[in-house]
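**Q** I'd like to ask some things about the structure below.
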Amino acid sequence: MSEQNVHPGMNLGYDGGEEEAEVKIFGFWAFVMSDLVTFGLVFAIFGTMAGSTAGGPGPEEVTDLTSVAIQTVLLLGSSFGFSWASLSMKYHPKSRWRTLGWLAVAATSALGFLVLEVVDFHHWTTIGAVPQRSGYLSALWALVGLHGLHVAGGLIWMAAMTGQILVFGLTDDIKSRVTRMGLYWHFLDVVWVGIFSMVFLAGVA
Amino acid sequence: MNALFGRLSWSELKLFETFTHGWSIDTLVAAGAAWAVVLGAVAVAGWLTWAGLWGRFWRDWLTSVDHKKIGIMYIVLGFVMMARGVAEGLVMRSHQATALGGGVLSEEHWAELFSTHGTIMIFFVAMPFITGFMNYLIPLQIGARDMAFPMLNQISLGLTATGAALTMISLVVGVFETGGWTAYPPFTGAAFDPGPGPDYWVWAIVLSGFGSMFSGINFAVTIYKMRAPGMTYMRMPVFTWTALCTSILLTFALPPLTVAGLMQALDRYLEFNFFTNDQGGNMMNYANLFWMFGHPEVYILVLPAYGIFSELTSTFAAKKLYGYESLVLATMSIAVISFAVWLHHFFTMGNSATVNVAFGIATMVIAVPTGVKVYVWMATLWGGRIRFTTPMYYMTGFFILFVVGGLSGIILANPAINWQVHNTQFIVAHFHNVLLPGLIFGIFAGIHIWFPKAFGFRLDERAGKITALLWIVGFCLTFLPLYVVGLMGYPRRSSAFDDPAFLPYMIVCLIGACMLAAAFTGLFVTLWISIRKRDELAVPMGDPWDGRTLEWATPAPPPHWNFAVIPHISERDAFAREKAEGRPYVLPERYVDIHLPPNTPAGMIVFVTTTAFGFAATWWIWWLAILAILVLVGWMIVHSFLDHPEVVIPAVEVRRATNVWIEAIELAGEGVTRDDEVSPKNRGYASTDMLVAS
C-alpha cells in the first residue's frame, strides 16, 4: 500500500504497521457509521413521539437549560482534552504521562457530564417524568440514555486503555487503539450536539 | 418468581407435555419436537465423545479463525436449522390439509409454528447460508489470506449461533412467540403476551443481529482494503461485488432491527410506551423500523445468490459473463433502491394514497435492475457451451420460477391490487416463490460448485440431479396452488378455513411438502453417496469446473494460508486468461514466511455468555443475566491485555505444500476436457475450453 493511501490525518508516527492500522481504523469508521444510523433512527422515533405526552410532563418540565449547558461544556471539554491526548501521543511518544494526563482530563470531564445527567434523570423521576408515563418520555429516556450508556461504555474503555498504556507504553498497537477510541469519543460529541439542539433547545423554543 | 430460577418452573418443560396436557396429536408434536432437540444434541455430543473428537473439534473448528472453516460452520448451522424449518413446514401443511373447520393442531401451536418457521428460515437458515458463502469465498476470490478482522468473524458466528440456540431452547423450555416472524406489537407486547415467547424472539433476533452487523462491517472492510495488488473494483469477481453490496446493506440495515427489538424489550421489561396502545405509544413506528430492515434484508439474502448464478452461468457455459458492467451497476442500484421500498409491506396500514403510490413506483423500479440481471444471465448462456450439470438444473428451475415470483411481486407493488390480496395466501406464495428458487436454489447450486473446492471431492451428479428435480417439482406443488387460494380469499396465518373449495389445493400442497421433505433428505443422501465414492470423485488439483476466478487457482481443499504468494492481478478473470494462454500454475520465484492470526476461544465465550444472557433475560433470572455480561466484558478487557503471537508458517513448509500440488498437476499431463467433466477422469486439472478468455 503506497504512502498516500494511508488514512489522511492518522499518521501518528508508527514505526511500520501502517497498513494494519489503516484497516482497523477504516473498520472502526464503518462501525461508527452503523452506530450513527442507530442514533439517527432513535432521533427519528423521538421526532415522531415529540407530541405524544399523553397529558404527562412535556419538554418545558424536563428541560433544565442550565444543567444541559454545563453538561455540554463538560462533554465538549472532554473531547477537547482527548484531542490533546492524541496530539501528545503523536508528538511526545516518549512520555506516556503527558498522554495519560490529558486522558485523565477527558475522563474526569466526561464523568462530570454523566453525574449531571444522572442528577437530571433523578430530577425527572421526582416530577413524574418517568419513561412509563408517555411515549414522549419513553423516547426521551431512550435517546438520552442511549447516549449516556455510550459515554459510560467509553469511560470503561478509557480505563482499560489507561491500564494498557501503563503496561505496554505507547506502542503501535496502543496508538491504533487510542486513535479508534478518539473517533468514538468525538462521534459521541457530535451526537450530543444533536441531542442538545433537537431535544432540549427545540423542546423549549 | 424466585431469585434463583426467575419465572422458570418445571411445567415449562415441553418434554412431558403429553402427560401434563393429555394425549393428542398436538401435544405429541410439541413433545416430539422437544425430544428431537434433546436427543439430537445428546447424539452429537455422544458421538464426539465416542470418537474422541472433542479435542480436534475444539482446536480445528470451534477456536479456528480460518475464514474457510468459519464459512463451513455457518453452512452446517444453516442445515441444522433448516432441518427444523422443513419439518415445521411439513407439520403446517399436514395441519392445513385437515384444517377445514379445525385441524390437528391447536391454534396457539399453529401460530407458534408459522412464527418459528419464518424466523428460523430467514435468520438462521438463509442468513447463515449466505454469510457462510461470503466467508468462504471473499478472501479466496480477492486474493487475501483471511478476513480483515478474523476474531470478529468468529464472534459473529458465535452471535448467530446464540440466536439459533435460543430458538432451539424455546422448543424444549417454554414457548416461542406467536405473532409471526415480524412479531408486530401490541399483539406481542406485555399486555397481550406476558411471555416468554416474544422475549425469546427479541433476544434471538437482537443478539444474532449484532453478529450480522459485525459480519457486514468485516466483509466490507475486507473487500475495500484486502484485495490483491492490481485487483481494482472493476476486476473483482461478480460474487465479490454482490457480497460487497450485501455487506453494505448489512451494516446499514441491521440497526433498524436492533432498535426495533430493543425498544420492544424496553416496552416489555420496563413498561416503556413505544409501541403500546395507550400513553402515546405508536405501533406504526415498529412497522416502519422493522421493514426498514426487512426490505433491505430481502436483498441482503438474494444478492449473493445472484452472484452465485452469475459465476455459474459463465462457468458452465464456458464464456465470460456478458455485461459485467451492467451487472455491477444493477447490483449497486438494487442495494440503493432497496432502502426506498419498505412501505410496500404495509400499504393497508393507514398511509395516504400519495405515499402508497410513491412506494409502489419505487417497488416497480427496483424490478428493473433485477430484470437486467436475468437478461445478463440469458445472454451469457446464449451461444455458450452449456454443460447440464446439477447446478444448471437449479439454474433452470430458478430462471422460470423466479421470473414468476418476480412478476407476482410487480403485481403486489400496485397498491390497488395489494389492497385486494394483502394478508392472503397469495403473499405466502409470492415470498416463497422468490426466496426458494431465488435464494435456496442458488445456495444449493453453489454448494455443488464449491463443495469440491472445500472438501476435495465432487458431489455425486445423479443423486444431485434427482434432488434438484425434487426441489423444483416439490416447490411448484407446494407453493403455486397458494396463488390460487390466495385469490380465492384464503387468509394467511389462519389456523382453519370453512370453504371446502380450498381443500383440494391444500392436499396438493401437502403432497408437495412431502416432496420437499424428500428433497431435503436427498441433499444428505447425495452427501452420503459422495462420501462413499470420494476416491472416484476426488479433485485434489482444485479446478474441476474450468473456473475463472482466483479460488480455482488453489488446491482442493486450499491450504490454511490460501495462496503461497499473494497473486498480482492484471485483468478480470485472471485465472481464465492464464489458462487460455497456457501458463497457469507458475511456481513462485521465492517463498516467504506466512503470518496468520492465532486460534482464539473468543467466539465460544461470546456464544456461551450471550446465550446465557438471552435465556436469563427471557426467564427473568437476573443474577445470571448480570453475571453473563460481567464475564463477557471482563473477558474482553483481560483479553486486550494479553499478547497474541501470530502463527508463523515457515517458507519451507509453504514451498513443500505448493510443490506437492504443482508436481501432481505436472504428472497429470493432459488436463480433463469438459466432455469428461463428470467422469472419474476429472482430478481437478482442467484443460481449458476457453479459446479467448477475455
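**Q** Quick one: of B:225/B:533; B:453/B:579; A:24/B:373; B:68/B:320; B:14/B:465, which pairs are farther than 30 Å apart, Cα to Cα?
**A** B:225/B:533; A:24/B:373; B:14/B:465
**Q** Something else now. How about the range B:621-682: which GluC sites (Glu not before Pro) there are in a DSSP loop, with at most 11 other Cβ atoms within 10 Å of their Cβ?
**A** Sparse-neighbourhood loop GluC sites (Glu not before Pro): B:646, B:670.
**Q** Okay, moving on. Once the convex hull of the alpha carbons of chain B is built, what does its volume come to per residue, in cubic angstrom?
**A** Cα convex hull per residue, to the nearest whole number: 158 Å³.
**Q** Can you give the FRET efficiency to the nearest 0.05 for residue A:90 and residue B:24, using r as the Cβ-Cβ distance and R₀ = 60 Å? Don't jump to the answer; show the numbers that get you there.
**A** On the way: r = 73 Å, r/R0 = 1.21.
Efficiency, rounded to the nearest 0.05: 0.25.
**Q** Could you list B:394, B:322, B:299 in order of exposure, starting from the residue whose Cβ has the fewest other Cβ atoms within 10 Å?
**A** Sorted ascending by nearby Cβ count, the order is B:322, B:299, B:394.
**Q** At what distance in nm do the modelled label points of residue B:45 and residue B:349 sit from each other, each positioned 7 Å from its Cα along Cα→Cβ?
**A** About 4.1 nm, to one decimal.
**Q** Also: Neighbouring Cβ atoms within 10 Å as the yardstick, rank B:295, B:644 fewest first.
**A** Working: B:295 24, B:644 12.
Least crowded to most crowded, the residues run B:644, B:295.
**Q** Given the options A:186, A:122, A:147, which has the most mean-square fluctuation in a GNM of chain A, springs set between C-alpha atoms less than 10 angstrom apart?
**A** A:122
**Q** Counting other C-beta atoms within 10 Å, and keeping those with at most 10, which DSSP coil chymotrypsin sites (Phe, Trp or Tyr not before Pro) do you find in the range B:1-95? Provide the component values of the computation, followed by the final result.
**A** Numbers: sites: B:5, B:10, B:16, B:19, B:23, B:35, B:47, B:50, B:54, B:57, B:58, B:61, B:74, B:79; in loops: B:5, B:23.
Passing sites in the range B:1-95 do not exist.
**Q** Pairwise over distinct Cα atoms, reciprocal of the mean inverse distance: report the Kirkwood radius of the range B:459-521 in Å, one decimal place. Don't skip to the answer; put the middle values down first.
**A** Details: mean 1/r = 0.0786 Å⁻¹.
Computed over the range B:459-521, the radius equals 12.7 Å.
**Q** Another question about this same structure. Calculate the length of the line joining the C-alpha centroid of the range A:159-192 to that of the range B:265-333, in whole Å.
**A** For the range A:159-192 versus the range B:265-333, the Cα centre distance is 34 Å.
**Q** Treat every Asp and Glu Cβ in chain B as -1 and every Lys and Arg Cβ as +1, leave all other atoms uncharged, and give the resulting dipole magnitude about the Cα centre to the nearest 20 debye.
**A** Using Cβ point charges on Lys, Arg, Asp and Glu, chain B gives about 1160 debye.
**Q** Please go through the range B:587-694 and write out the trypsin sites (Lys or Arg not before Pro) that DSSP classes as loop and that have at most 16 other C-beta atoms within 10 Å.
**A** Counting only loop positions with at most 16 other Cβ atoms within 10 Å, the trypsin sites (Lys or Arg not before Pro) in the range B:587-694 are B:590, B:681.
**Q** Evaluate the charge dipole of the range A:15-204 about its Cα centre and quote only its size in Debye, nearest 20, assuming +1 on the Cβ of each Lys and Arg and -1 on the Cβ of each Asp and Glu.
**A** For this selection, approximately 340 debye.
**Q** Right, here's the next one. Using the Cα centre as the reference, give the magnitude of the dipole from point charges on the C-beta atoms of the protein assembly as shown (Lys, Arg: +1; Asp, Glu: -1; all else neutral), rounded to the nearest 20 debye.
**A** Around 1360 debye, computed over the protein assembly as shown.
**Q** Right, next: How would you rank B:93, B:387, B:7, going from fewest to most other Cβ atoms within 10 Å of each one's own Cβ?
**A** B:7, B:387, B:93
**Q** Apply 1/(1 + (r/R0)^6) to the Cβ-Cβ distance of residue B:365 and residue B:571, taking R0 = 41 Å, and write down the FRET efficiency to the nearest 0.05.
**A** Working: r = 33 Å, r/R0 = 0.82.
After rounding to 0.05, the efficiency reads 0.75.
**Q** Now a separate question. In terms of the ratio Rg/(2.2 N^0.38 Å) built on C-alpha atoms, what value belongs to the range B:395-451?
**A** 1.32
**Q** Here's another thing I want to ask about it. Points 7 angstrom from Cα along the Cβ direction at residue B:187 and residue A:204: gap in nanometres?
**A** Calculated label separation equals 4.4 nm.
**Q** Counting only DSSP beta bridges with both residues in the protein assembly as shown, what percent are antiparallel, rounded to the nearest 5?
**A** Around 80 percent antiparallel, to the nearest 5.
None of the figures in this text is laboratory data; all of them are computed from the coordinates on show. Just so it is clear, the model here is predicted, and its values are computed rather than measured. Reconstructed Cβ throughout: ideal geometry from the backbone, glycine too, with neighbour counts over all protein chains shown.
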